[in-house]
Amino acid sequence: MAAPKEVPERRPFGRRFLTDPARLFQHNAWDNVEWSEEQEASARSKVQENSSQLLPQDKQEEYEVNAKRYWDDFYKIHENGFFKDRHWLFTEFPELAPNRKASQNGDSVHECSNKEESSNEGLGSCENGHCSLETRAENELNVIKSTPEICTEELAAQKYSELNQSAGDYPGSSASYRILEVGCGAGNTVFPILQTNNDPGLFVYCCDFSTTAVDLVQNNEEYDSSRCFAFVHDLCNDQSPFPMPDESLDVVILIFVLSAILPEKMQRIVNRLSRLLKPGGMILLRDYGRYDLAQLRFKKGQCLSENFYVRGDGTRVYFFTQDELNHLFTTAGLEKIQNLIDRRLQVNRGKQMTMYRVWIQCKYRKPAAPQM
């Protein structure tokens, strides 16, 4: 496999690393690696091969109908041990940090020390198409303990109906800065935000399709119901209510979640989420890019449709291009702040294996209300 080239000066983030193949296995990661034409052609060929045989329509419908059960089973098996806390969020998305200094030019720092990189050694695996290498730094932070509050989707709907009758009194209604994470899983984004951002005006909502995942969040000792509201929510169901009104959120977070949704339903979901944003509010996304390692490792018979696959455990994943995501967000009336592709070389030094990850990171903003 071709050695990584140096990254040109055209991007303000990231680092330039080694070009000597003999020194490849002395280090653990290279940011923003450029691919050769040969390498991209090889990746394209693998995708054409593993997508040449599509699953029958009845099987595809089965995975859609039973999607909730598959994700419940996933979290029952892995609980909170599969993903690591995403403390890198505050480097990539300063909008989530206490001072909330957003990057208006759309650039990111993309800096990880060698110590942080070495903490990822041993994570170089993809199991059933799930890749845990999205994690970077794992920092020890102070925790906030509280009593969990259980809230099923049905109870959330009931509460929402009741709260609508009480003149804007909803969870987090008195907050000055509101964040929603969609697809919160076991809380690997929510808890770092609550731990790091002690802004008294902050309130964090988090939801997931999986009841099991939401139970894990609500029963975590760090769950603080005075600062956080976790609830079960089906994004694909337009009748499934949110506990907050439209135009009430400053930030919506989508971390490796949009890719799990049937492609035909993505636009409707993005439209719906954009309505929750205040004017000037932002959607922050990080998700799988086209030709990521996870996509190349799928076998024949796991492809549902173009660039959309089912893993061995029944969960599904799509691999995006920048243009596809740009179309989804701009069609929903949002304006682009950032749309970056992050190609990264990760090395398992124990097995002397090189692994190429491809992720896309986006920030899209709801236009501010016109001045009267």
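The values are calculated or read from the model by the stated rules, or taken from the named source; none is laboratory data. What you see is a predicted model; the values in this text were computed from it and never measured. Don't worry about glycine lacking a Cβ; one is built from the backbone with ideal geometry, like all the others, and counts go over all protein chains shown. These accessible areas exclude ligands, DNA and RNA; they are computed on the full protein's heavy atoms, side chains included. Shrake-Rupley method; radii C 1.70, N 1.55, O 1.52, S 1.80 Å.
Is it the case that some residue within the range 177-196 is outside any helix (DSSP H, G or I), hydrophobic (A, V, I, L, M, F, W, C) and out of contact with any helix residue (DSSP H, G or I) (no Cβ under 9 Å at 6 or more places or on another chain)?
no
Please go through (1) more than 30 Å from Gln60 (Cβ to Cβ); (2) modelled with pLDDT of 90 or more; (3) touching a Leu at 6+ places or on another chain (Cβ under 9 Å) for Gln267 and return the number of the only condition it doesn't satisfy.
(1)
Count, please, the residues in the range 294-339 that happen to be modelled with pLDDT under 95, open to solvent by 20 Å² or more (accessible area, probe 1.4 Å) and either hydrophobic (A, V, I, L, M, F, W, C) or assigned to a loop (DSSP other than H, G, I, E, B) (or both).
Of the residues in the range 294-339, 9 are modelled with pLDDT under 95, open to solvent by 20 Å² or more (accessible area, probe 1.4 Å) and either hydrophobic (A, V, I, L, M, F, W, C) or assigned to a loop (DSSP other than H, G, I, E, B) (or both).
Residues being in contact with an Asp or Glu (Cβ under 9 Å, 6 or more places away or on another chain), within 28 Å of Gln322 (Cα to Cα) and at pLDDT 95 or above: count how many of those fall in the range 222-257.
5
Report the residue count in the range 253-271 for those that are closer than 20 Å to Gln361 by Cα, out of contact with any Ser or Thr (no Cβ under 8 Å at 6 or more places or on another chain) and not in a loop (DSSP other than H, G, I, E, B).
5
For the range 33-61: of the residues being part of a loop (DSSP other than H, G, I, E, B) and of a type outside the set (S, T, N, Q), which is farthest from Ile360 (Cα to Cα)?
Among those residues, the one meeting the criterion is Pro56.
Given the structure, is Tyr291 farther than 14 Å from Phe209 by Cβ, among the aromatic types (Phe, Trp, Tyr) and modelled with pLDDT under 95?
yes
Considering only residues that are open to solvent by 10 Å² or more (accessible area, probe 1.4 Å) and in a strand (DSSP E or B), look in the range 272-287 and name the one that is farthest from Lys336 (Cα to Cα).
Only one residue tops the list, namely Lys278.
How many residues does the range 199-244 contain that are in a loop (DSSP other than H, G, I, E, B), open to solvent by less than 30 Å² (accessible area, probe 1.4 Å) and among the hydrophobic types (A, V, I, L, M, F, W, C)?
Of the residues in the range 199-244, 3 are in a loop (DSSP other than H, G, I, E, B), open to solvent by less than 30 Å² (accessible area, probe 1.4 Å) and among the hydrophobic types (A, V, I, L, M, F, W, C).
List the pairs whose first member sits in the range 294-307 and is under 17 Å from Ser42 (Cα atoms), whose second member is part of a loop (DSSP other than H, G, I, E, B) and open to solvent by 40 Å² or more (accessible area, probe 1.4 Å), and whose Cβ atoms are under 7 Å apart, counting only residues at least 6 apart or on separate chains?
As it stands, the answer is Lys300/Ser52; Lys300/Gln53; Asn307/Arg290, since those pairs meet every condition given.
Residues that are at pLDDT 95 or above, in contact with an Asp or Glu (Cβ under 6 Å, 6 or more places away or on another chain) and surrounded by 19 or more Cβ atoms within 10 Å (Cβ to Cβ): does the range 362-372 have at least one?
Yes; the residues of the range 362-372 include at least one that is at pLDDT 95 or above, in contact with an Asp or Glu (Cβ under 6 Å, 6 or more places away or on another chain) and surrounded by 19 or more Cβ atoms within 10 Å (Cβ to Cβ).
Determine whether the range 44-55 contains at least one residue that is at pLDDT 70 or above, more than 24 Å from the chain's Cα centre (by Cα), of a type in the set (A, V, I, L, M) and open to solvent by 30 Å² or more (accessible area, probe 1.4 Å).
Yes, the range 44-55 has at least one match.
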